[in-house]
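As C-alpha cells, the structure follows; a few thoughts come after it.
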Amino acid sequence: DFSDEQKHYLQGFVAGSGLTQLLVNGRASFATALGLPANGSISLPGGGSEIPPGPEAVHYRAQDAQVAAGKKLCPEEVAKRKKFPLDQWNDLVQHSAEGKFPKGTDVLAFKYQGLFYVAPAQDSYMARLRFAGGIVPSFQFRRVAELAEVHGGGFSDVTTRANLQIREIQAGSAIDFLEGLHDAGILCRGSGADNIRNVTGSPTAGIDPQELIDTRPLSRAMHHYILNHREMYGLPRKFNIAFDGGGKISAVEDTNDIGFSAVRVGQGKTDSDGQLIEPGVYFRLALGGITGHKDFAKDQGVLLKPDECISVAAAIVRVFIDNGDRTDRKKARLKYVLDRWGHAKYIEETEKVLGRKLRKVATAMCEPRPAVDKHGHIGVFPQKQEGRFYVGVVLPVGRITAEQMRGIADIADKFGSGMIRLTVWQNLLISDIAEADIPAVQEALAKLNLATSATSIRAGLVACTGAAGCKFAMAHTKQHAMALAEALEKRIELDVPVNIHLTGCPNSCAQHYMGDIGLIGTKVSLGDDDDAEEVEGYHVFVGGGYGADQSIGRELYRNIPATELAKTVEKMIRGYKANRTTPTESFNE
Ligand code: SF4
C-alpha cells in the first residue's frame, strides 16, 4: 500500500536499477503495487533515442579550436587539460590520508568532487551535495546529519539551489565524508567548479493542486543524465538548469542558464508554421539567466513536449561546451555566447546537434502560468491528494543542526511519506501528512525549535554564506539577515509577502537583484581620511522580482553600514506602506 510519493521513488529506483523485468516477472504483486506496466518497461522522460551521442574528448576539441584561433587559454583551462579533474580522485585520497588541503589549481579540481577548500575564510572544506529537484529521502537526510556531525560543523545549510552544504570538514576527513555520502547514494560530482549544478525543480512537484505537470521525473532524468555523461563535466564555466511545473512555489527557473517553464496550450493554437498544436502541457524554453549579471533567462520561442526536454538540454550544453569562452573566465558563462551570437543562432546550433528543428510557438499561444504564492513555502497547505497536506518549515537563512535534521527525518517517516523537499527559499517542506496529524507535526517541530509560520519579513529572508565562510564576502550576510529580521519584527508589521535577499559580493549567490529588497555587501568607510575605519555594509536595491513580476532591482542607497541597515529598510517599508495605491501593489510597481 504505497503512497504516490513512495511509488514514484520506487518506480525510479526500479527503472534506474535495471531490475524492472525481474521484478515484473518474479513479483507480480509488487509490480502492481508500484503501478509498473505489465510488459516491464518503464520509460523515463527524455530517455529516448533522440539524445545525441557525446562527442569524444569534447573538452579538448573546444579548447583546441580556441588555441588555433590564437587565443591563450586561462590557467584553469590549462589545468583541466593537463589532468581532467574527475580523474583526480586518487589525489584527493592522498591529500586526505596526509591531512593536507589542496593548493593552486587542485582547489578547483577538488570542487569536481563537491569539496570546496574555503580558505582564508575558514581553514576547512565546504561540501556541496546534489539532490534531483531538491527532494531528499529521510535516510539520506539522516546520513547527511551524521556526516555533518562526525566530520563537519554539526549543521547544514539549505542553499538557494534547493541543496545542502556542510561546512568545517577537516582535510583528513575528506574521503570518509565523501565515501559516506556515496554509500548512501548521494553523488555530488560536479556540484562545484565548471559543471552543471544541482538540477532544481518545483518543490511541490506531484503534490500541488495547481501544478500543470509533475517535474520530478524530469529533474531526476536530468540529474542522472549529468552524472552518467562524462562530457557534461568541465564546461567553460558553471551551468544551472531548472524545471518549473506551474505550482504554487516558483522554481525561479528564469534565473537559470536553462529554464524550463510548464505551460498549457489550449484547443486551436498553432505553431509558427501555422500547424495546429495538440492541446496539452508543454515546456517553454528560456536561456541565459544570470541575475548577478542583471540578466534573466530569455524565452526562445520554443515549445517542448516534456519528453523532449532532456535531449534538448543536453544539446544546448554541448553547444556551450564547444563555443563557450575558455580564455576569459569573466566572459565564460552561457550569457556571453548568447550575447556574441544572438539567441537565434544559438537555437540553430542546438538544432544541428539534435539533428532536427525545434517547434517554434509564440508565447501568446500558451496560457499564462498559474499564480505563484510568494510565501507558499511557509505554512500548512492541502495537497492534490485528498486529505494530505504539506508543511513548509521555517529555517532561518537556511541553517539546520544535525539534531534538527534527524528530528525532521523522523517526522517525515512517522507522519509523512519519508520525503523532505528543499526549496530555493532556503527552507524545506514535509509532504503527505494526514490532516489529523498536523498538530502533532507542529508540536514535534516546536520541540526541535522549528515552526511552520513566520512574519512576512522572516518568511522571505534569503542570505548567502557571507564572510563567516566565503572568501569573497564583504559582509556577514547570514548574521546581518537575522539581526535585520529581529529588529524589523519589533518595529514594523507588514501585511504582504516581501522577499529580502542579502548577498555578500557581486557573485550574487542570494540573487539580490530579484529581491523586493536586495542588499549587496560592501566595505563602508566611516570617514574621508585614509585611515578612517572601514566597516561592513550594503548597497540597497528595491523592486526586483521573478516570473510574472520579473524585474532587476534598482539601487536606492549606497554604503549603508550594517548597523544602520534595519533603520534604512524600515524606512523603505514604511514608505511602501504609506504610498502603495492598492493593498497588494508590488515593490517594483
Ligand atoms: Fe560568497 Fe559572494 Fe556567493 Fe556570498 S555571493 S556566498 S559572498 S561568492
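Values as computed for the structure displayed
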| read-out | value |
| --- | --- |
| Residue, nearest to G392 (Cα to Cα), within region 450-471, restricted to residues that are within 16 Å of the ligand (Cβ to nearest atom) and surrounded by fewer than 17 Cβ atoms within 10 Å (Cβ to Cβ) | A468 |
| Test: residue in region 501-517 that is modelled with pLDDT of 90 or more, closer than 18 Å to M474 by Cα and touching a Pro at 6+ places or on another chain (Cβ under 7 Å) | no |
| Considering residues of region 286-313 that are of a type in the set (K, R) and at pLDDT 95 or above only, the residue nearest to E253 (Cα to Cα) | K298 |
| Region 524-540: number of residues that are at pLDDT below 95 and either charged (D, E, K, R) or within 20 Å of I457 (Cα to Cα) (or both) | 6 |
| Neighbours by Cβ (under 7 Å, 6+ apart or cross-chain): first from region 502-513, at positive phi; second more than 6 Å from the ligand (Cβ to nearest atom) | S508/T291; S508/G292; Q511/T160; Q511/T255; Q511/T291; Q511/H501 |
| Residue in region 502-520 that is farthest from the ligand (Cβ to nearest atom), counting only those that are in a loop (DSSP other than H, G, I, E, B) and closer than 14 Å to K294 by Cβ | G515 |
| Hits in region 292-309 - residues which are outside any helix (DSSP H, G or I) and closer than 19 Å to G553 by Cβ | K294, D295, F296, A297, K298 |
| Residues satisfying the stated conditions in region 472-487, i.e. out of contact with any Ser or Thr (no Cβ under 8 Å at 6 or more places or on another chain) and surrounded by 21 or more Cβ atoms within 10 Å (Cβ to Cβ) | H476, H480, A481, L484 |
| Residues being over 18 Å from S453 (Cα atoms) and in contact with a helix residue (DSSP H, G or I) (Cβ under 8 Å, 6 or more places away or on another chain) - total across region 389-406 | 4 |
| Failed item, numbered, when L422 is tested on (1) away from the ligand (no atom under 16 Å from the Cβ); (2) surrounded by 24 or more Cβ atoms within 10 Å (Cβ to Cβ); (3) at positive phi | (3) |
| Residue check, Y538 outside any loop (DSSP other than H, G, I, E, B) and over 24 Å from R167 (Cβ atoms) | no |
| Residue in region 277-291 that is assigned to a helix (DSSP H, G or I), within 30 Å of L428 (Cα to Cα) and within 16 Å of the ligand (Cβ to nearest atom) present | yes |
| Number of positions in region 126-155 that are surrounded by fewer than 20 Cβ atoms within 10 Å (Cβ to Cβ), charged (D, E, K, R) and within 21 Å of T215 (Cβ to Cβ) | 0 |
| Search result, residues across region 190-214 that are in contact with an Asp or Glu (Cβ under 7 Å, 6 or more places away or on another chain) and surrounded by fewer than 24 Cβ atoms within 10 Å (Cβ to Cβ) | none |
| Matching residues in region 340-396 - criterion: being part of a loop (DSSP other than H, G, I, E, B), aliphatic (A, V, I, L, M) and touching a Leu at 6+ places or on another chain (Cβ under 8 Å) | L358, V361, L395 |
| Residues (free of Cβ contacts under 8 Å to residues at least 40 places away in the same chain and within 17 Å of the chain's Cα centre (by Cα)) located in region 252-284 | G259 |
| Of residues in region 521-558 being touching a residue at least 40 places away in the same chain (Cβ under 8 Å) and within 16 Å of the ligand (Cβ to nearest atom), the one surrounded by the fewest Cβ atoms within 10 Å (Cβ to Cβ) | K523 |
| Every pair of residues 6+ apart whose Cβ atoms lie under 7 Å, when the first sits in region 331-350 and is over 21 Å from S311 (Cα atoms) while the second is of a type in the set (D, E) | K331/D325; A332/D325; Y336/D325 |
| Number of the exception - I316 against (1) at pLDDT 95 or above; (2) surrounded by fewer than 19 Cβ atoms within 10 Å (Cβ to Cβ) | (2) |
| In region 478-501, residue farthest from the ligand (Cβ to nearest atom) [restricted to those that are without any contact (Cβ under 8 Å) to a residue 60 or more places away in the chain and not acidic (D, E)] | K490 |
| Filtered residue count, region 292-319, keeping only those that are more than 16 Å from the ligand (Cβ to nearest atom) and under 30 Å from G521 (Cβ atoms) | 4 |
| R329 being closer than 30 Å to C505 by Cα and within 16 Å of the ligand (Cβ to nearest atom) | yes |
| Residue within region 34-45 that is surrounded by fewer than 17 Cβ atoms within 10 Å (Cβ to Cβ), closer than 23 Å to R220 by Cα, modelled with pLDDT under 65 and among the hydroxyl-bearing types (S, T, Y) present | yes |
| Flag for R333 being surrounded by 14 or more Cβ atoms within 10 Å (Cβ to Cβ), under 30 Å from A454 (Cβ atoms) and not acidic (D, E) | no |
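The values are calculated or read from the model by the stated rules, or taken from the named source; none is laboratory data. Nothing here was measured: the structure is a model prediction, and the numbers come from that model. Using ideal geometry, Cβ is built from the backbone for each residue, glycine included, and neighbour counts are taken over all protein chains shown.
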